[in-house]
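**Student:** Shown below is the structure under consideration.
The values are calculated or read from the model by the stated rules, or taken from the named source; none is laboratory data. Predicted model only: the values in this text are computed from it and were never measured. Glycine also receives a Cβ, built like all others from the backbone with ideal geometry; neighbour counts cover every protein chain displayed. These accessible areas exclude ligands, DNA and RNA; they are computed on the full protein's heavy atoms, side chains included. Shrake-Rupley method; radii C 1.70, N 1.55, O 1.52, S 1.80 Å.
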Amino acid sequence: MHSDNRITIPIGPQHPSLDEPGRFDITLEGEKVVNAVIGVGYNHRGLEKTCESKTYVQNLYIIERVCGICSHAHGTAFCMAIEQLAGVTIPKRAEYIRAVVAELERLHSHLLWLGVACHEIGFDTMFMYTWRNREKVLDILADLGGNRVNYGVNTIGGVRRDIDADMVETIRKALDALEEETKHYVEIAYTETTLISRLKGVGVLSHEDAIRYGAVGPVARAAGIAHDVRVDEPYGAYKEIPVKVITDTHADVYGRTVVRILEMQESINIIRFCLDNLPDGPLSVRVPRRIPAGETIIRVEAPRGENIHYLRSNGSDIPDRVRVRAPTEANWHGMKHMLEGGYLADVPITIAAIDPCYSCTDRAIVVKSGAKTDCYDWRGLRQYGIDWYKKRGIDVTALKV
Amino acid sequence: MISFLKMLLAAFIFPGFLFLSVYSLVLDFIDRKLYARMQNRVGPPWYQPVADFFKLIGKKTLIPVEANKMMFRIMPLVSLAAVAAAFLYVPVLGQDAVFSFDGDLIIVLYFLTVPPIAAFLAGWYSRGVYATIGATRILTQLFVYEVPLFISLLAPTLIAGTWSISELTAFYAAHPLYALINLPAAFAALISFQCKLERAPFDTPEAETEIVSGALVEYGGRLLAFFKMAHSCELVLVISLFSAVFLPFMTGYVFADFLLYIVKTLVILLLLTLMRVSMARLKINNVVSFCWKVLAPVALFQVVLNLVIRGSLQI
Amino acid sequence: MNKTGPGKIALTALKTLFKKPATTEYTGKGSPEVEKHYRGRILYDPTTCVACGLCMRDCPTGAIQIINEGTKEDKKLVAILNVGKCIFCCQCVDSCNKNSLSYSQDIDFAMTKKEDLIIKL
């Protein structure tokens, strides 16, 4: 562990600051980070393969569970891909309801992030307050969608749930209360010294670096890159909704915090606009079970950044290939750059600042060590495990389950 | 013989060790409840600290293979013993502590240094990565808050002209207005105490999101229970010391004074908890610069002020 | 913009001290209150069911099963739900053409045995 006066500490796979397993080997010189090795891949779920063995309708719920927080963004992207291949146009009302849920999701995701970030820097009071307010959003979503996180609002060809007049009133009331709270957060973010001292100048990813590493979402916008799919390539109801892209020039964790807080206010405005202009009409159109052959790529702005879904159909009711690129995958690349040169105390907040979602990102990877590549099939992997334990005196095959 | 028994009673039952342990549980609960209610949570039930303690006592104690066994076992007790011993010199019941002599303030301050040192040694001899980093941070923090703490606690003695806590309290109880002069030192001492207790915003040594729980990461079971107990006893000791030095207001009746003591400790606890609630954890370099640039000058200012006052009043 | 300083949230914290807590203690008894449209226990109406099997086909986890316990002439349809598998997406409710399936707001399913999680609707 010790060499010269350097010390390598493992953060993860299990660590209080990580919400999901991931490994960060941090080499320290004193308290300063000189090297960071990032290891993801502890959370592989074989999700794309699963999608290729189930029907489109069943896949809706698998895709929704790619990410627990941006579930609606993934669902929307997948539905849009299917609708594009099937060549159907969904009703206006459905598009607006999708936008409302998407913005509510952004609100709850950013509130969640703010809480997590405050917890990482030891500001537990803020953590509790933000999560208390997040409950307001979750209550709306539970009433609107039927569940707290995997709302299941989307269906192929529209939405499954309607917003009635009562609900419009409830949402408006909750938004008013939330707007007050958000103003309070803005004030805290701009004035609380301890908060600023922990966030400013931490995990810097400059404008050039953000472009070089291909950062997306709030990480890119905090570096002054006005990149937002809702504006760059409007989809659904966003073609009509005015969206203001929030950018900041700090390019550090503080900038990401400010961007997220201001985006919450913008989301509130968008939801209000949607509720004011909610068109009448049906909720969904019928889409055949068999989707015509073809391939498509859909981009959707999730709370964490740009979601890319690729879908290839072969004419049956089961997709031929599904590829999901969650926003975290794009933001991982700059992580090493952000961590190095910082302090150990900044490591958790720097990692948390991209709002990482490990399991969204993990796909099958081939680990190359030098020129030799180890690849196992299922049987080989099982045998490897049995042998590994046998060497240590445990015979797994003899165990009774 | 009777006086010896009386002394034993005072040392071990009231206001000695037993009172300290029970009151530490009470304060621990109130601290957690306040913390929870300020965060809009329900908070734990009243028996939570007791339940935690007995749960830990009942758990198996694991000692890492690489750790120094003796140091690992002994450190929690050293920590607890130092706090319990120091508490005997702090007045609880009225103006007089169980033991007192001229210079016991210095003894108490030195006893107060023992728990961080014990935690440092415990962490160092656990030989874990997180424990080592936590231990180094404890030591770094110890060096920076100790100076303002000592100066700000010794400044009031310049006016009172005594180095005994009991006599100090008696002097200020007789001249309550003089106590107001010490407000800057009280401010510095309160923050230094927060630093000493390793509570937010100075909980850098045990920052759970960075280094898991710092020096005590390898501890569990009975040994951890004693460390936790020592820590909450330290809270009582620190608060009592603060109220004795900076809030020495007395009524003269023993029972009323004891009630007043409870009220004073609760008020100080409220301040400490409020500080813990309202700030983010500082980085170790910020702690260092804050202690040297803000606390130490304030404490030094108090010394100069008190010297001037002493000279002008001819005490 | 106000001046920067530490402890900006202290006043809010003090005010919150006298507010009703936002959390509640879980009593452990009964189903906690949920929203009006929350998806809970699936309800089944065998009288309208035609046993088309669309719900079984669309269920993402294969949690629901409609079986005929009677004979071909005298049908006695029952729906069996494996709560351990069900993700309460209610796709079965959407897929049903005859509206035989619906959902309630009952979410209290915890059992000590795995077998008890398979329930008859």
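**Student:** Using 0.36 nm per residue, how much length does the chain from residue C:43 to residue C:3 gain when fully extended, once their Cα-Cα distance is taken away?
**Tutor:** Working: separation 40, 0.36 × 40 = 14.40 nm, distance 5.86 nm.
Contour length minus the Cα-Cα distance gives 8.5 nm.
**Student:** Right, next: Counting only heavy atoms of protein chains, what accessible area per residue, in Å², does region B:50-313 have with a probe of 1.4 Å?
**Tutor:** Normalised by residue count, the accessible surface of region B:50-313 is 38 Å².
**Student:** On to the next question. Suppose all protein chains stay in the model; what accessible area per residue would a 1.4 Å probe give for chain A, in Å²?
**Tutor:** Result: 40 Å² of accessible area for each residue.
**Student:** With a point put 7 Å past each Cα toward its Cβ, work out how far residue B:65 is from residue A:232 in nm, to one decimal.
**Tutor:** The answer from the label model is 5.2 nm.
**Student:** Ok, one more. With the full set of protein chains in place, find how many percent of the accessible area of region C:36-108 is carbon and sulfur; take the probe as 1.4 Å.
**Tutor:** The value for region C:36-108 is 50 percent carbon and sulfur by accessible area.
**Student:** Next question. Can you order the peptides B:51-58, B:226-233 by their average number of other Cβ atoms within 10 Å per residue, highest first?
**Tutor:** Ranking, from highest mean packing down: B:226-233, B:51-58.
**Student:** Report the one residue of B:145, B:266, B:51 whose Cα lies farthest in the direction of the positive end of the charge dipole of chain B (charges on C-beta: Lys and Arg +1, Asp and Glu -1; origin at the Cα centre).
**Tutor:** Of B:145, B:266, B:51, it is B:51.
**Student:** Mind checking which aspartates and glutamates have their Cα closer than 17 Å to the Cα of residue C:120? Skip sequence neighbours fewer than 8 apart in that chain.
**Tutor:** Once the sequence-local aspartates and glutamates are set aside, what remains near residue C:120 is C:45, C:69, C:106, C:108.
**Student:** Ignore the peptide's own chain and count Cβ atoms of other chains within 10 Å of each Cβ in C:58-68; give me the average, rounded.
**Tutor:** If you average over the peptide's residues, the count of other-chain Cβ atoms is 2.
**Student:** Now a separate question. So what is the 222 nm mean residue ellipticity for chain B from helices alone, if each DSSP H run of at least 4 adds -39500 (n - 2.57) and you divide by all residues, rounding to the nearest 500 deg cm²/dmol?
**Tutor:** -24000 deg cm²/dmol
**Student:** Mind jotting down the distance between the C-alpha centroids of region B:153-204 and region A:272-300, whole Å?
**Tutor:** Computed from Cα coordinates, the inter-centre distance equals 69 Å.
**Student:** What is the magnitude of the charge dipole of region C:36-108 about its Cα centre, with +1 placed on the Cβ of each Lys and Arg, -1 on the Cβ of each Asp and Glu, and no other charges, expressed in debye to the nearest 20?
**Tutor:** Working: 9 positive and 8 negative charges, 23 e Å.
My answer is approximately 120 debye.
**Student:** Here's a follow-up. For the ranges A:100-107, C:64-71, what's the packing order if you count other beta-carbon atoms within 10 Å of each residue, average per peptide, and put the highest first?
**Tutor:** Values: A:100-107: 26.9, C:64-71: 13.6.
Descending packing order for the listed peptides: A:100-107, C:64-71.
**Student:** Additional query: Could you give the accessible area per residue of region C:36-108, probe 1.4 Å, as a whole number in Å²?
**Tutor:** Value for region C:36-108: 52 Å² per residue.
**Student:** Taking square-rooted eigenvalues a ≥ b ≥ c of the alpha carbon gyration tensor, is region B:50-313 rounded, prolate or oblate, where a/c under 1.5 means rounded and, failing that, a/b exceeding b/c means prolate?
**Tutor:** Judged from the Cα gyration tensor, region B:50-313 comes out prolate (a/c at least 1.5, a/b above b/c).
**Student:** Let me ask another. Select from region C:13-29 all residues whose loss of accessible area on going from the chain by itself to the full protein assembly reaches 40 Å² or more (probe 1.4 Å).
**Tutor:** C:13, C:14, C:16, C:17, C:21, C:22, C:23
**Student:** Mind listing the long-range amide H neighbours of residue A:155? Cut-off is under 5 Å, sequence gap 5 or more, other chains count too, H placed in the peptide plane at 1.01 Å from N.
**Tutor:** The answer is A:160.
**Student:** Rounded if a/c is under 1.5, else prolate if a/b is larger than b/c, else oblate: which is region A:157-281, with a ≥ b ≥ c the root eigenvalues of its Cα gyration tensor?
**Tutor:** It comes out oblate by the Cα gyration axes.
**Student:** With a 1.4 Å probe, what is the total accessible area buried between chains B and C, in Å² rounded to the nearest 100? Mind showing how you got there, number by number?
**Tutor:** Numbers: alone 14670 and 9690 Å², together 23230 Å².
In total, chains B and C hide about 1100 Å² from solvent.
**Student:** Any idea of the total accessible area buried by the A-C contact, 1.4 Å probe, rounded to 100 Å²?
**Tutor:** When A and C are taken together, about 2700 Å² of accessible area is lost.
**Student:** Select from region A:134-155 all residues whose loss of accessible area on going from the chain by itself to the full protein assembly reaches 30 Å² or more (probe 1.4 Å).
**Tutor:** A:142, A:143, A:146, A:147
**Student:** Am I reading the B/A interface right? What is its buried accessible area, both sides, 1.4 Å probe, to the nearest 100 Å²? List each step's numbers first, then the result.
**Tutor:** Details: alone 14670 and 18440 Å², together 30770 Å².
Between B and A, the summed buried area is about 2300 Å².
**Student:** Hey, got the average number of other protein chain Cβ atoms within 10 angstrom for residues in A:185-197?
**Tutor:** If you average over the peptide's residues, the count of other-chain Cβ atoms is 6.
**Student:** Let me ask something else about it. With helices defined as uninterrupted DSSP H runs, which ones in chain B have an alpha carbon span along their own long axis of at least 24 Å and mean Kyte-Doolittle hydropathy of at least 0.5?
**Tutor:** Both cut-offs are met by B:17-38, B:69-87, B:104-126, B:129-160, B:221-246, B:254-278, B:296-313.
**Student:** Tally Lys/Arg at +1 and Asp/Glu at -1 over every other residue whose Cβ is under 15 Å from the Cβ of residue A:347; what's the total?
**Tutor:** Details: positive: A:23, A:32, A:198, A:336, B:137, B:281, B:283; negative: A:19, A:25, A:29, A:31, A:120, A:252, A:340, A:346, B:208, B:210.
Net charge around residue A:347: -3.
**Student:** Quote the relative contact order of chain B in percent (integer), defining contacts as alpha-carbon pairs under 8 Å separated by 6+ residues.
**Tutor:** 27 percent
**Student:** Counting each DSSP H run of 4 or more residues in chain A as -39500 (n - 2.57), what helix-only mean residue ellipticity at 222 nm follows after dividing by all residues, to the nearest 500 deg cm²/dmol?
**Tutor:** -15000 deg cm²/dmol
**Student:** Would you work out if region A:47-352 is rounded, prolate or oblate? Take a ≥ b ≥ c from the square roots of the eigenvalues of the alpha-carbon gyration tensor; rounded if a/c is under 1.5, else prolate when a/b is larger than b/c, oblate otherwise.
**Tutor:** Numbers: a/c = 2.07, a/b = 1.39, b/c = 1.48.
Since a/c reaches 1.5 but b/c is at least a/b, the shape of region A:47-352 is classed as oblate.
**Student:** Here's something else I'd like to know. Hey, got the average number of other protein chain Cβ atoms within 10 angstrom for residues in B:32-38?
**Tutor:** 4
**Student:** For region B:41-86, state which residues have at least 30 Å² less accessible area in the presence of all protein chains than in their chain by itself, taking the probe as 1.4 Å and leaving out ligands, DNA and RNA.
**Tutor:** At a threshold of 30 Å² (probe 1.4 Å), the residues of region B:41-86 that become less exposed are B:41, B:42.
**Student:** I'd like the Karplus ³J(HN,Hα) series for region A:73-81: coefficients 6.51, -1.76, 1.60, θ = phi - 60°, whole numbers in Hz, and an x wherever there's a Gly or Pro.
**Tutor:** Going residue by residue, I get 5, 5, x, 4, 4, 5, 4, 4, 5 Hz, with x marking Gly and Pro.
**Student:** What whole-number distance in Å separates the alpha-carbon centres of region A:225-265 and region A:130-197?
**Tutor:** Using only Cα atoms to place each centre, the spacing works out to 17 Å.
**Student:** How much net charge surrounds residue B:108 when only the other residues with a Cβ under 14 Å from the Cβ of residue B:108 are counted, with Lys and Arg +1 and Asp and Glu -1?
**Tutor:** Surrounding charge for residue B:108 is -4.
**Student:** Something else: Per the helix-only calculation at 222 nm, which mean residue ellipticity applies to chain C, given -39500 (n - 2.57) for every DSSP H run of n ≥ 4 and division by its residues, nearest 500 deg cm²/dmol?
**Tutor:** Here the helix-only value at 222 nm equals -3500 deg cm²/dmol.
**Student:** Continuing with the same structure: Under 28 Å Cα-Cα from residue B:283, which lysines qualify once same-chain neighbours fewer than 8 residues away are excluded?
**Tutor:** Partners found: A:32, A:183, A:200, A:336, B:33, B:196, B:228, B:293, C:3, C:8.
**Student:** Something else about it: If the reach is capped at under 23 angstrom between alpha carbons, list the lysines near residue C:113, excluding any in the same chain fewer than eight residues apart.
**Tutor:** Straight-distance partners of residue C:113: A:400, C:29, C:85.
**Student:** Subtract the Cα-Cα distance of residue A:187 and residue A:336 from 0.36 nm times their separation in residues, and report this length gain in nm to one decimal.
**Tutor:** Working: separation 149, 0.36 × 149 = 53.64 nm, distance 3.14 nm.
In short, 50.5 nm is gained.
**Student:** Okay, moving on. I'd like the Karplus ³J(HN,Hα) series for region C:39-53: coefficients 6.51, -1.76, 1.60, θ = phi - 60°, whole numbers in Hz, and an x wherever there's a Gly or Pro.
**Tutor:** Ordered by residue, 3J(HN,Hα) equals 8, x, 3, 7, 9, 10, 10, x, 5, 8, 5, 10, 6, 6, x Hz.
**Student:** Just order B:199-209, B:105-115, B:176-186 by mean Cβ neighbour count inside 10 Å, highest at the front, would you?
**Tutor:** Packing proxy ranking, top to bottom: B:199-209, B:105-115, B:176-186.
**Student:** Can you pull the percent of chain A's accessible area that's carbon plus sulfur, 1.4 Å probe, other chains left in place? Display every interim value, and only then the final one.
**Tutor:** Numbers: 8430 of 16060 Å².
Exposed carbon and sulfur together represent 52 percent of the surface.
**Student:** Mind putting a number on the dipole of the protein assembly as shown about its Cα centre? Charges go on the C-beta only, +1 for Lys and Arg and -1 for Asp and Glu, and I need it in Debye to the nearest 20. Walk me through the numbers before you get to the answer.
**Tutor:** On the way: 89 positive and 84 negative charges, 296 e Å.
Roughly 1420 debye, rounded to the nearest 20.
**Student:** Roughly to the nearest percent, how much of the accessible area of region B:50-313 is carbon and sulfur, given a 1.4 Å probe?
**Tutor:** 72 percent
**Student:** Same structure again: Net charge within 12 Å of residue C:47 by Cβ-Cβ distance, Lys/Arg positive one each and Asp/Glu negative one each, not counting residue C:47 itself?
**Tutor:** Once positives and negatives cancel, what remains is +2.
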